[in-house]
Amino acid sequence: MTRALLPLLLALPLSAAAVEATVPAKLGFGGRLLASDGTPVNGVVSITFSLFDQATGGTATWSETQSLLLTVDGAYGTLLGTVNPLPDAVLLAPGQRFLEIAVNAGAPLSPRMELGASPFAAVARHVRGGTVDATAITLNGAPLPSGYRGVRSFSTSGTFTVPDGVGRVHVRAWGGGGAGGTIDSVAPKQAGGGGGGAYAEDVLELTAGATLSITVGTGGAVSGACTGNSGGHTSVALGGQVVLSAGGGVAGQHAKGGTCCPNGTLQPRGGAGGTATGAIALDGEPGWDANQGGSPGHNPMSPLYGRGGETVYDPNVGCTPGDAGKPGLVLLAY
């Protein structure tokens, strides 16, 4: 038995030029697939996607089967309509849409997932009543956001001043990963993996001239045989108040006794994952305990940023420190 986790619709910004282009009959979709015991499913999997206009029962209005390669975390991403294009009768018909997923020709997963607005705004090519030509559009008095005009990335701490004409900033933040624990290859004694940094995301309503103070967490460093540091915390603040944060992962613990770490723990545990605050707040994965292999914890949204440090075994080195954790990051779109 399998279950789907974290379905994501991938929204695509619509520009004026895009309205005149052919609207693709595809929907971006992604998620994670877990077995009934919570372990990720990986490898090549056959997945059947079907759309219904009701939450239970009824007849599918569209269906296709894709062969997808899942990552070690069970994650996948695809475009619905790749095998069997989505017709206008399905995309533009009034009412709700529910997506049903079946894995390897098995029973459909339950419940069905309700889909939101069409990612490409397919109805834009069927404007009722004439041509839309405007420098700005409001809905019930509130301005609708246009496409982003710039991006900034911060791998180190700094500040960002909101430019003229910008009213909102999309912020994504990764905390630093904790270092891996030291392995005593003489005793021998294993160690715990470093915890992964957290992930936070939000869209901030701001005024031109406002300044965001950005702190980027570093990866937990290793200095000495038994000194593994936790990852640094990443945060974004406005006027001295933190508006979102992605905590750093904790360093993995060392085994007690032997020749390396007399002040370690009897059961060297993996470091805890960082915690997050924000509209989207995903805690980092904890590192694995020594008896589980001491693998590092991962950041929930990136294999490159915020990952915990590995434990390293080298029979030629009596006290082998773990690797440093991966650094954090902040991305801004405005």
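Among (1) farther than 29 Å from G57 by Cβ; (2) modelled with pLDDT under 80; (3) within 28 Å of the chain's Cα centre (by Cα); (4) not polar (S, T, N, Q), there is one condition V169 misses while meeting the rest; what is its number?
Every listed condition holds for V169 apart from (2).
Can you report the number of residues in the stretch 300-334 which are farther than 30 Å from G74 by Cα and touching a Phe, Trp or Tyr at 6+ places or on another chain (Cβ under 7 Å)?
The number of residues fulfilling the criteria is 2.
Right, A276: at pLDDT 90 or above, in contact with a Leu (Cβ under 9 Å, 6 or more places away or on another chain), buried (at least 22 other Cβ atoms within 10 Å of the Cβ) and assigned by TED's automatic domain parsing to the domain that holds E201 or not?
So A276 fits the description; yes.
Against the conditions (1) modelled with pLDDT under 85; (2) touching a strand residue (DSSP E or B) at 6+ places or on another chain (Cβ under 6 Å), where does E100 fall short? Just the number, please.
(1)
Kindly provide the set of residues from the stretch 266-292 that are free of Cβ contacts under 8 Å to residues at least 24 places away in the same chain and within 10 Å of G192 (Cα to Cα), ordered by number.
Keep residues of the stretch 266-292 that are free of Cβ contacts under 8 Å to residues at least 24 places away in the same chain, which gives 266, 292.
Once the filter is applied, which keeps residues that are free of Cβ contacts under 8 Å to residues at least 24 places away in the same chain and within 10 Å of G192 (Cα to Cα), the stretch 266-292 yields only Q292.
From the list T71, T78, T65, T59, which one is in contact with a strand residue (DSSP E or B) (Cβ under 9 Å, 6 or more places away or on another chain), of a type in the set (S, T, N, Q) and more than 21 Å from P111 (Cβ to Cβ)?
Among T71, T78, T65, T59, only T71 is in contact with a strand residue (DSSP E or B) (Cβ under 9 Å, 6 or more places away or on another chain), of a type in the set (S, T, N, Q) and more than 21 Å from P111 (Cβ to Cβ).
For the list (1) in a loop (DSSP other than H, G, I, E, B); (2) among the acidic types (D, E); (3) modelled with pLDDT of 90 or more, I need the number of the one condition that D73 fails.
Among (1) in a loop (DSSP other than H, G, I, E, B); (2) among the acidic types (D, E); (3) modelled with pLDDT of 90 or more, the lone unmet condition for D73 is (3).
Collect the residues in the stretch 298-323 that are in a loop (DSSP other than H, G, I, E, B) and closer than 14 Å to A191 by Cβ, keeping them in residue-number order.
In the first step, residues of the stretch 298-323 are kept if they are in a loop (DSSP other than H, G, I, E, B); the result is 298, 300-301, 303-318, 321-323.
Selection gives G308, G309, E310, T311, V312, Y313, D314, V317, G318, P321, G322, D323.
Is it the case that P296 is free of Cβ contacts under 8 Å to residues at least 12 places away in the same chain and out of contact with any strand residue (DSSP E or B) (no Cβ under 6 Å at 6 or more places or on another chain)?
No; evaluated as a whole, the condition is false for this residue.
Against the definition (in contact (Cβ under 8 Å) with a residue 60 or more places away in the chain and either closer than 23 Å to Q292 by Cβ or in contact with a strand residue (DSSP E or B) (Cβ under 6 Å, 6 or more places away or on another chain) (or both)), how does T156 come out, yes or no?
no
The values are calculated or read from the model by the stated rules, or taken from the named source; none is laboratory data. In this text, all values refer to a predicted model and were calculated from it rather than measured experimentally. In this analysis, Cβ positions are derived from the backbone assuming ideal geometry, glycine residues included, and neighbour counts consider all displayed protein chains.
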